[in-house]
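Enquirer: The following block contains the structure, expressed as structure tokens.
The values are calculated or read from the model by the stated rules, or taken from the named source; none is laboratory data. This structure is a prediction, so every number in the text was calculated from the model and none was measured. Here Cβ is always computed from backbone atoms with ideal geometry, including for glycine, and neighbour counts include all displayed protein chains.
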Amino acid sequence: MTTNSLSAWILAVRPYSLGNSVILVLVGSALAWTDGSFHALPALLCLLFAVLMQCTANLVNDLWDFLKGADKPDRLGPDRAFAKGYITLRAMKAGIAGFTLAACAAGIGILAWALHADVLRCGGWELVAVGAACIVFAYFYTAGPWPLAYHGMGDIAVILFFGLIPVGFTYYIQTGAWSWEVLVAALACGLVIDTMLMVNNFRDREEDARCNKRTIVVCLGAGVGRWGYFALGAAAAVLCLTLLAGGRTWAALLPLVYLAAHTATWRKMVRIDHGEELNACLGETARNILLFGALFTIGILLG
């Protein structure tokens, strides 16, 4: 692969994972639609911000996992662009800065629209605070003196920044409100997306232990990885069932189809147990997340 080529950058931003950001904005916007407050422009800006911030986080992760010794030539997971030498250090730093600035531009657009629409409760400072937190998370998930992913905080960070914040604020920006249903939907999405981190950490548990990357699986054992993966998806489906109390029958029941696919992948993961073959489970997990997002969004729109 040519150094700093388009193909190298595509590999670095991990397009297979970007569907996570898409489903979060879709779910939040679907909830806004059913509540009569959907607005296309802020929804598109939220989508742009979410995808750009995920690209930023992926690039920072690509760089700093290598610098900290977590990504070596014999890594079990998919190739990392910087570790393979496909992107130079100078270019990677410039790319991280570029994606961050682009995300900030999208965030300013969101703020400008929300202020013009007069939907905010705290004069826009809440959006500034959340945007700043997203940037800090993108960097300090793997970088900095106390990276979250290296101290057992990765799963909490994912549930917060790939669940509660994006779904909740996509809805809030369009409606100026919150509801218990939004909280349930956001938490369910965060739990489902955390299955991707869990299968990654389960696969990499021996490598992570060697480089002192103390994930939950490293700290508590492989059994937590096996059962934690299943529990995350099952808990998300159970949470969706609580939406029956709000009369959202389809939103409550359609995610059960996801649970069947999730269970099948979990059984394969347990059977394989270790090694590069677990990458097949990573691919299936990405597919299952998209399935959940599609089913949940359709269910919300159907009522």
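Table: residues versus (1) in contact with a His (Cβ under 9 Å, 6 or more places away or on another chain); (2) more than 23 Å from P145 (Cβ to Cβ); (3) hydroxyl-bearing (S, T, Y).
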{"position": "M196", "(1), (2), (3)": "no, yes, no"}
{"position": "F202", "(1), (2), (3)": "yes, yes, no"}
{"position": "R210", "(1), (2), (3)": "no, no, no"}
{"position": "R214", "(1), (2), (3)": "yes, no, no"}
{"position": "C219", "(1), (2), (3)": "no, no, no"}
{"position": "V224", "(1), (2), (3)": "no, yes, no"}
{"position": "W227", "(1), (2), (3)": "no, yes, no"}
{"position": "L232", "(1), (2), (3)": "yes, yes, no"}
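Enquirer: Could you list, in sequence order, the residues of region 108-141 that are aliphatic (A, V, I, L, M), surrounded by fewer than 17 Cβ atoms within 10 Å (Cβ to Cβ) and more than 20 Å from the chain's Cα centre (by Cα)?
Expert: I108, A112, L115, A117, L120, V128
Enquirer: Given the residues L259, L282, L291, which is the only one that is in contact (Cβ under 8 Å) with a residue 60 or more places away in the chain and either farther than 23 Å from V158 by Cα or not in a loop (DSSP other than H, G, I, E, B) (or both)?
Expert: L282
Enquirer: Here is a check on your reading of the model: is A50 in a helix (DSSP H, G or I), within 11 Å of the chain's Cα centre (by Cα) and modelled with pLDDT under 95?
Expert: When the stated conditions are applied, A50 does not pass them.
Enquirer: Right, next: I need the full set of residues from region 239-279 which are among the charged types (D, E, K, R) and over 16 Å from L295 (Cα atoms), in order please.
Expert: Those that are among the charged types (D, E, K, R) and over 16 Å from L295 (Cα atoms): R267, K268, R271, D273, E276, E277.
Enquirer: Take T170 and decide whether it is closer than 17 Å to Q54 by Cβ, in contact with a helix residue (DSSP H, G or I) (Cβ under 9 Å, 6 or more places away or on another chain) and part of a loop (DSSP other than H, G, I, E, B).
Expert: no
Residues are listed down the side, and each one gets a yes or a no for (1) out of contact with any helix residue (DSSP H, G or I) (no Cβ under 6 Å at 6 or more places or on another chain); (2) hydrophobic (A, V, I, L, M, F, W, C); (3) surrounded by fewer than 22 Cβ atoms within 10 Å (Cβ to Cβ):
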residue	(1), (2), (3)
P166	no, no, no
G176	yes, no, yes
V192	no, yes, no
M198	no, yes, no
T215	no, no, no
C219	yes, yes, yes
G223	yes, no, yes
W227	yes, yes, yes
L232	no, yes, no
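Enquirer: Go through region 142-162 and give me each residue that's β-branched (V, I, T) and crowded, with 21+ Cβ neighbours inside 10 Å.
Expert: Listed by number, the residues that qualify are T142, V158, I159.
Enquirer: Name the single residue that is surrounded by the most Cβ atoms within 10 Å (Cβ to Cβ) among those in region 1-37 being outside any helix (DSSP H, G or I) and within 19 Å of the chain's Cα centre (by Cα).
Expert: Ranking the candidates gives R14 first.
Enquirer: Only one of these is at pLDDT 90 or above and part of a loop (DSSP other than H, G, I, E, B): W178, W146, W113. Name it.
Expert: None of the other options fit; the residue is W178.
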